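Colleague: Pasting in a structure now, in C-alpha cells, and then I'll have a few things to ask.
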Amino acid sequence: MISDWKDYRLSYTKKAEELLRGLTLEEKISLMSGSQTREEVRGAIQKKIKMHYNEIPYRAGGIKEKGIPPMYFADGTRGVVCGREKSTCFPVAAMRGATFNTKLEEQVGEAIAEEAIEAGANLFGGVCVNLPYHPGWGRAQEVYGEDTFLLGEMGAALIKGVQKKGVIVCVKHFAFNSMENSRFKVSVKCSKRTEQEVFMPHFRRCVEAGAGAFMSAYNSYQGELCGQQDYLLNHVLKDKWDFDGFVLSDFVWGIKDTVASVNGGLDMEMPITHYYGQNLLKAVKAGKVSEDTINRSSLRILRTLLAHQSEIDRNHGKTDYKKHQELALQCAREGITLLRNKDHVLPIDCTDKRKKIVVLGYLADCENIGDRGSSQVYAPYIITLLQGLTQYGANAEIVYYGGESLNHCKRLAKEADAVLIVAGNDYMDEGECIAKEADDVSTDRAGGDRTETIGLKQKELSIIESISELRQDAIVILVGGSTIMVDSWKEKTGAILLLYYPGMEGGTALAETIFGKNNPSGKLPFTIPEKESDLPEMNWDTDEIWYDYYHGYTLLNKMHRTPTYPFGCGLSYTEFELQNGRGWADSENFYGEITVTNIGKREGAEVIQMYIGTLNSVVERPEYTLQAFQKIFLKPGETQKVTLSCKISALDYYDEETNKFVHENTDYVIYLGNSSDRNTLKKYKAIYRCYK
C-alpha cells in the first residue's frame, strides 16, 4: 500500500519526462483534452438519449503507440455513476458525514474504487468538499456538513480509501461553489481571512491526503472564473500547497477562454474538446501560450496517470457487490440521527404483542436516494422506507397511507399503536441544477437551491398538526440533504429521526432503528437553528455575493443564539457519561482527554468532539471550532479513556497585512463534549506561549 502518494507520483517524474520528450506538440495537447465534442454533449442532453450521464467513463488523452493509457473519468459522490443497475448506492455524503466515522468512510472509498475499476475508470470525481455557506444549497447533500474540519477529515478518508486501490481521486469543486441556481454566473467575494481560514483548509487537507487531481468550479471568485484562476490554481494550489497532480475543468461549461484557462493553471478540459484541442494548438503557435506551459501540464497528467495505473493493475480483482451493499447499510445505520425521543417512544417493542403501525407520507413509498444530477447512482435495487418497515416488522401490522386526506390520516392514527410520519424532500426540491443560461441547453428545471424555505411543505406540516390533535407521540422521519426547520412543530411529536438520503439499503436501516436492532449513533453534521433568520443572508439569483467569516454554529455562537439542535448532536438508545476531562499542550499539539462510560442498558456508539477557542485574541475569532473527533463503541457498563489532539498551528490566524498565518501567544480553551452546545461542553484552559 502506498503511504505517501505525492512522493510515489514524484518518483515517476523521470519516466514521465522521457515519454514527454518523445511526444509532438499535438500529442501533448491531446493528453489535456477530453475526447467528446461539445456538440456530442449538447446533443445527448437535448435528445435525452437512452444512455444516462457518464454511463460509460469519459475519456481524455491516451496514446496507445506511445504506451500511454487514456484517462477514464467516473463521477459520483454516493457511488460510481458509470454502468446501469449494478453500482452500490451509498447514503449521500451528508449522511456519511453524520457517522463521524473516518474508518468507515475509508472503507467506502475502497469499495467505490473497486467498482470504478470494474467499470473501466481510473479517475474518480466523487470527493466533494465544498462548504455550504447556507444549508439551502441544493447540493449540500453531496458534502459532509457545514464544518471545515469535518469536511477535510472525511474527504481525506475517502481519498485514502479510493487511492488505496490506485484510482486517482479528483477533489471538487475548487472553490467557493455553494449555490446552484446562479452557479454559472455568480462571482463570490470574501475577505482574505475568510478565504484562508474558512473556505480553503478542507481543500488543503485533501492535498495533504494525497489527492491526485482537482476539479475547478463553474462560479467565479473575485470576478474571475475559477477554471481560469491563476490565483487559485497556480498560486494557491500548485505553488503554496505544492500540489503535484493535475487540474481539470468542471464539465462542459467550466471554462470560457483557451488562453486564460491554460495559463491560469487548468491542465485538462473535460469531458469535451472545445477550448483545448485545435484551439489550444493555435494559441501555442500564435505565441499566446508557451510550449513550456503545455509541457508542465502534460507532465502532471502523465506522471499521475503512470503512477496510479501501476497500482490499479496490481489491485484489479473481483468486486464483491454484496459486501459493498452491506457497507452501504452500515453507513445508513451509523448515520441515522435521533434528534428527539420523548418518553423513550423509540424503539418500538413488538416482542410482547403484535402492534399496528401507521406510516403516513408519500415519501415513505418512494425510491428517494437524493439528487438526480451528476451524482445519481443506478443501483440494482432500492429498499424504500415502507419496504424496509414491512419486511422487518414481522410482529407488526404496517398500514401505509400517502396522506392525501387529513381526516383519513386522523382516523388511521386514532386506531394505531404507533404513527410514523415521513416528511422532507426529494430530487425535485433540492439538487444539482443545470439552468438554461448554461449555453442554452434545454433541460427540466428540477432541484436547485431551496430558495423559498428550508422547512417542511405545508401539506406535511398539516399532517403533523392534524395528528397532534389526537396524540403527541408521533414519530417524524425527516428525509433530506441538509437542515430542515423543526421548531414550529417538534414539541407536538414524540420522536424525530433524521434519515438524510440513506442509499439503497435505507429502508432496512430505518426499520432496524425503529424496532431497536440498530442503536442510532449519527451526529448532526450541520446546525438546525430556531429561525431561518439565524442563517446567513442569501440571494440565490445573483451575479455577485459576499460570503462572511461566520456561518453555521460559529455564526449562532457569535450572535448568542441557541440552536434548536446544535452541530454535532445526536441521541442514542443508551446513555453516556463524560467525566475526568483535562486539556493541555506540548511543543506541537493541543490535547484533550476525557473518560466515557456507557451507563445505559445496551451497547452503543458515542462521538467525542474537541473544540478549541482563544481568550483575549488580538483578532476577532469564533468562540470555538471543531479540531478533533473520535467515534467509540461501548458495551453497557464499559468505560474508555479518549485522547484527542490537534496541531498547534491549526489555531493560527491569517494576517491580511503580511499574507501569512500567525501564531498568537494567548490563552487557549479546550472544549470537550458530544456536540457543539456551549451549555454542555466541558472547558479546560491550555496556556501556550512557546510556539516556534
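Throughout, read-outs are computed from the coordinates displayed, never taken from laboratory work. Owing to the predicted nature of the structure, the values given are computational and were not obtained by experimental measurement. Glycine also receives a Cβ, built like all others from the backbone with ideal geometry; neighbour counts cover every protein chain displayed.
Colleague: Going from the alpha-carbon gyration tensor of the chain, what semi-axes, largest first and in whole Å, does one get by taking the root of 5 times each eigenvalue? Working shown, then result.
Modeller: Details: eigenvalues 341, 183, 112 Å².
The three semi-axes for the chain are 41, 30, 24 Å.
Colleague: Report, in order of residue number, the helices in the chain meeting two criteria: a C-alpha extent of 20 Å or more along the helix axis, and a mean Kyte-Doolittle hydropathy of at least 0.0; treat each whole DSSP H run as one helix.
Modeller: What comes out of the filter, once short or polar helices are dropped, is 148-164.
Colleague: I've got another one for you. Distance in nm between label sites at Glu452 and Lys103, each 7 Å beyond Cα in the beta-carbon direction?
Modeller: Computed distance between label sites Glu452 and Lys103 equals 4.6 nm.
Colleague: Okay, moving on. Sum up the charges of everything whose Cβ sits under 12 Å from the Cβ of Val259, counting Lys and Arg as +1 and Asp and Glu as -1, but leave Val259 out.
Modeller: With Lys, Arg at +1 and Asp, Glu at -1, the net is +1.
Colleague: Using a basic spin-label model with each label point 7 Å from the Cα along Cα→Cβ, how many nm lie between Lys459 and Arg314?
Modeller: 5.5
Colleague: If r is the Cβ-Cβ distance from His344 to Asp548 and R0 is 45 Å, what FRET efficiency results, to the nearest 0.05? Can you show the working numbers first?
Modeller: Details: r = 41 Å, r/R0 = 0.91.
The formula returns an efficiency of 0.65 here.
Colleague: So what is the relative contact order of the range 576-688, in percent, for Cα pairs below 8 Å that sit 6 or more residues apart?
Modeller: 32
Colleague: If you don't mind, there's one more thing I want to ask. Working from the pairwise distances between different alpha carbons, so that the mean of 1/r is found and then inverted, what is the range 105-258's Kirkwood radius in Å? It would help to have the intermediate numbers written out before the result.
Modeller: Values: mean 1/r = 0.0645 Å⁻¹.
Result for the range 105-258, one decimal place: 15.5 Å.
Colleague: From the helices alone, meaning DSSP H stretches of at least four residues, give me the mean residue ellipticity at 222 nm for the chain, per-run term -39500 (n - 2.57), in deg cm²/dmol to the nearest 500.
Modeller: Helix-only estimate at 222 nm: -7500 deg cm²/dmol.
Colleague: Beta carbons within 10 angstrom, averaged per residue: use that to sort the peptides 458-464, 375-381, highest first.
Modeller: Ranking the peptides 458-464, 375-381 by packing returns 375-381, 458-464.
Colleague: Same structure, new question: If r is the Cβ-Cβ distance from Val399 to Glu638 and R0 is 41 Å, what FRET efficiency results, to the nearest 0.05?
Modeller: Computed FRET efficiency for Val399 and Glu638: 0.55.
Colleague: Which order do peptides 646-654, 132-140, 262-270 fall in by mean Cβ count within 10 Å, highest first?
Modeller: 132-140, 262-270, 646-654
Colleague: For the residue pair Glu415 and Asp473, what label-to-label distance in nm results when each label sits 7 Å from Cα along the Cα-to-beta-carbon direction?
Modeller: Rounded to a tenth, the inter-label distance reads 1.9 nm.
Colleague: Convert each backbone phi in the range 426-432 into a coupling constant with the Karplus relation 6.51 cos²θ - 1.76 cosθ + 1.60 (shift: θ = phi - 60°), then list the ³J(HN,Hα) values in order as whole Hz, x for Gly and Pro.
Modeller: Along the range 426-432, the couplings run 9, 5, 6, 8, 7, x, 5 Hz.
Colleague: In addition: Taking R0 as 30 Å, what's the FRET efficiency between Ser191 and Thr562 from their Cβ-Cβ distance, rounded to 0.05?
Modeller: Efficiency, from the Cβ-Cβ distance: 0.65.
Colleague: While we're on this one: Within 10 Å of each candidate Cβ there may be at most 14 other Cβ atoms; applying that plus a DSSP loop requirement, which trypsin sites (Lys or Arg not before Pro) in the range 305-334 survive? Present the calculation step by step, with values, prior to reporting the outcome.
Modeller: Details: sites: Arg314, Lys318, Lys322, Lys323, Arg333; in loops: Lys318.
Of the trypsin sites (Lys or Arg not before Pro), the ones in loops of the range 305-334 whose Cβ has at most 14 other Cβ atoms within 10 Å are Lys318.
Colleague: Given the pairs Lys238/Lys285; Lys240/Lys683; Lys64/Lys323, which are separated by over 29 angstrom at their Cα positions?
Modeller: Distance filter (> 29 Å) returns Lys240/Lys683; Lys64/Lys323.
Colleague: While we're looking at this one, here's another question. Which whole-number percent is the relative contact order of the chain (Cα, under 8 Å, 6+ apart)?
Modeller: On the way: 1705 pairs, mean separation 106.9, N = 692.
Relative CO of the chain lands at 15 percent.
Colleague: Also, quick follow-up: What percent do you get for the relative contact order of the range 215-345 when only Cα pairs under 8 Å and 6+ apart count? The partial results should precede the final answer.
Modeller: Details: 121 pairs, mean separation 25.6, N = 131.
Relative contact order here is 20 percent.
Colleague: Lysines within cross-link reach of Lys492: Cα-Cα under 29 Å, excluding same-chain residues under 8 positions apart?
Modeller: Within the straight-line limit of under 29 Å, Lys492 reaches these lysines: Lys342, Lys353, Lys355, Lys356, Lys410, Lys414, Lys457, Lys459, Lys517, Lys523, Lys531, Lys601.
Colleague: Can you order the peptides 209-215, 195-201 by their average number of other Cβ atoms within 10 Å per residue, highest first?
Modeller: The most tightly packed comes first, giving 209-215, 195-201.
Colleague: Continuing with this model, one more query. Within the range 484-552, report the GluC sites (Glu not before Pro) that DSSP leaves as loop and that have at most 11 other Cβ atoms within 10 Å.
Modeller: Working: sites: Glu491, Glu505, Glu512, Glu530, Glu532, Glu537, Glu544; in loops: Glu505, Glu530, Glu537.
Those that pass, being in a loop and sparsely packed, are Glu537.
Colleague: Can you work out D for the range 547-692 in µm² s⁻¹ from Stokes-Einstein, where Rh is the Kirkwood radius over C-alpha pairs, the temperature is 25 °C and the viscosity is 0.890 mPa s?
Modeller: Numbers: Rh = 16.3 Å.
In µm²/s, the coefficient rounds to 150.
Colleague: If one computes the Cα centroid of the range 537-568 and of the range 204-273, what distance in Å separates the two points?
Modeller: So the separation of the two Cα centres works out to 27 Å.
Colleague: What's the extension gain from Glu26 to Glu208 if we count 0.36 nm per residue and subtract their Cα-Cα distance? Mind showing how you got there, number by number?
Modeller: On the way: separation 182, 0.36 × 182 = 65.52 nm, distance 3.32 nm.
Computed gain between Glu26 and Glu208 is 62.2 nm.
Colleague: Could you run the Karplus curve 6.51 cos²θ - 1.76 cosθ + 1.60 with θ = phi - 60° over the range 365-380 and give me ³J(HN,Hα) per residue in whole Hz, x for Gly and Pro?
Modeller: 10, 10, 7, 9, 10, x, 3, 10, x, 5, 9, 5, 10, 9, 8, x
Colleague: Can I ask one more? If you average the alpha carbon positions of the range 468-528 and of the range 127-145, how far apart do those two centres end up, in angstrom?
Modeller: 20
Colleague: Compute the label zone of Glu530 within the range 312-345: residues whose backbone N is under 17 Å from the point 7 Å along Cα-to-Cβ.
Modeller: Under cut-off, by backbone N: nothing.
Colleague: For Lys14, give me every one of the lysines with a C-alpha distance below 18 angstrom, ignoring sequence neighbours fewer than eight places off in its own chain.
Modeller: Partners found: Lys6, Lys28, Lys66.
Colleague: Using θ = phi - 60° and the Karplus form 6.51 cos²θ - 1.76 cosθ + 1.60, what ³J(HN,Hα) does each residue of the range 215-220 get, whole Hz, x for Gly and Pro?
Modeller: With coefficients 6.51, -1.76 and 1.60, one gets 10, 6, 10, 5, 6, 9 Hz.
Colleague: Using amide H atoms built in the peptide plane, which far-off residues or other-chain residues are under 5 Å from Asp75 H to H?
Modeller: Val81, Cys82, Gly125
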